[in-house]
Amino acid sequence: MSRLAGVVALVVGAVLVVFGSLLPLYGVQQEELFGSGGPVSNGRVVTVGITGWELVREPDPEGLGDQGGPEPSYGYPLVLAALLAGAGAALQFRAPRQAVAGRLAAFTGAGLAAGVLWAVVETWSVLFGGPLPDEDVRTFVGSGGYLVGVAAALIAVGAVLSVEWPARAARPTGVAVHQVEDDDDTPPFGIAIPVVELGPVDDDRGHPTG
């Protein structure tokens, strides 16, 4: 039963990693206090987030066009982590050695997903850090970041649950009786009782014919 639960956890964790890579992993909310015409009384709140594949901005920037900057590539290691978890789940139904290899692959996938999430938070918290002179900045972990974190934990738990632990021997109930082999003089409870063989008495005293 625990093995089946582990396989289910591995599959769910792999799916969550893929979905998490499509959502913002980390982001920042900026209140723009200066526009094209100078200072503004009511700044526009702009949200910039990073997914595993691209930078997203809401609302879309006006008049900036395509910046042509490098796109983030966190999605590739996240997909690899999902593939490792899926392979680990599939190998649990194979030979014992392959099942062990699958669990190692699943642990690797969990570590990879957690490592990518840590790298995103550490890197972009510095890049998005503020406040800047003309902006009020608030950073946050996105919904994709939470999904990847939960997925990494699920994959690790699934790898542990899929381990086939040896069955514990049942404890005997009642009185335990131990008997030594080839020892007929020892009673079942192990306490030797001395036995004296009595022979016939050769004494005719007190006999009517004596």
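The residue list 186, 173 contains one member that is at pLDDT below 70, open to solvent by less than 40 Å² (accessible area, probe 1.4 Å) and of a type outside the set (Gly, Ala, Ser), which is 186.
On inspection, residue 126 does not qualify as open to solvent by 40 Å² or more (accessible area, probe 1.4 Å), within 21 Å of the chain's Cα centre (by Cα), over 18 Å from residue 19 (Cα atoms) and modelled with pLDDT under 95.
Within the stretch 11-28, work out how many residues are open to solvent by 60 Å² or more (accessible area, probe 1.4 Å) and either free of Cβ contacts under 8 Å to residues at least 12 places away in the same chain or over 20 Å from residue 92 (Cα atoms) (or both). Give the derivation first.
Let us first name the residues in the stretch 11-28 that are open to solvent by 60 Å² or more (accessible area, probe 1.4 Å), namely 11-12, 15, 18-19, 22-23.
Now drop any that are not either free of Cβ contacts under 8 Å to residues at least 12 places away in the same chain or over 20 Å from residue 92 (Cα atoms) (or both), which leaves 18-19, 22-23.
The total comes to 4.
Answer yes or no as to whether residue 158 is in contact with a Leu (Cβ under 7 Å, 6 or more places away or on another chain), within 18 Å of residue 83 (Cβ to Cβ), open to solvent by less than 40 Å² (accessible area, probe 1.4 Å) and at pLDDT below 95. It is true that residue 158 is in contact with a Leu (Cβ under 7 Å, 6 or more places away or on another chain), within 18 Å of residue 83 (Cβ to Cβ), open to solvent by less than 40 Å² (accessible area, probe 1.4 Å) and at pLDDT below 95.
Filter the stretch 71-107 down to the residues that are open to solvent by 80 Å² or more (accessible area, probe 1.4 Å), assigned to a helix (DSSP H, G or I) and not charged (D, E, K, R) and list them by number. Steps first, answer last, please.
First, pick out the residues of the stretch 71-107 that are open to solvent by 80 Å² or more (accessible area, probe 1.4 Å): 71, 76, 80, 83, 93-94, 96-97, 104, 107.
Subset that is assigned to a helix (DSSP H, G or I): 76, 80, 83, 96-97, 104, 107.
Those that are open to solvent by 80 Å² or more (accessible area, probe 1.4 Å), assigned to a helix (DSSP H, G or I) and not charged (D, E, K, R): 76, 80, 83, 96, 104, 107.
The values are calculated or read from the model by the stated rules, or taken from the named source; none is laboratory data. Fair warning: this is a prediction, and the values are worked out from it, not measured in the lab. For neighbour counting, all protein chains shown are included, and Cβ atoms are generated from backbone atoms with ideal geometry for every residue, glycine included. Quick note on the areas: whole protein, heavy atoms, side chains included, nothing else; ligands and nucleic acids left out. Shrake-Rupley method; radii C 1.70, N 1.55, O 1.52, S 1.80 Å.
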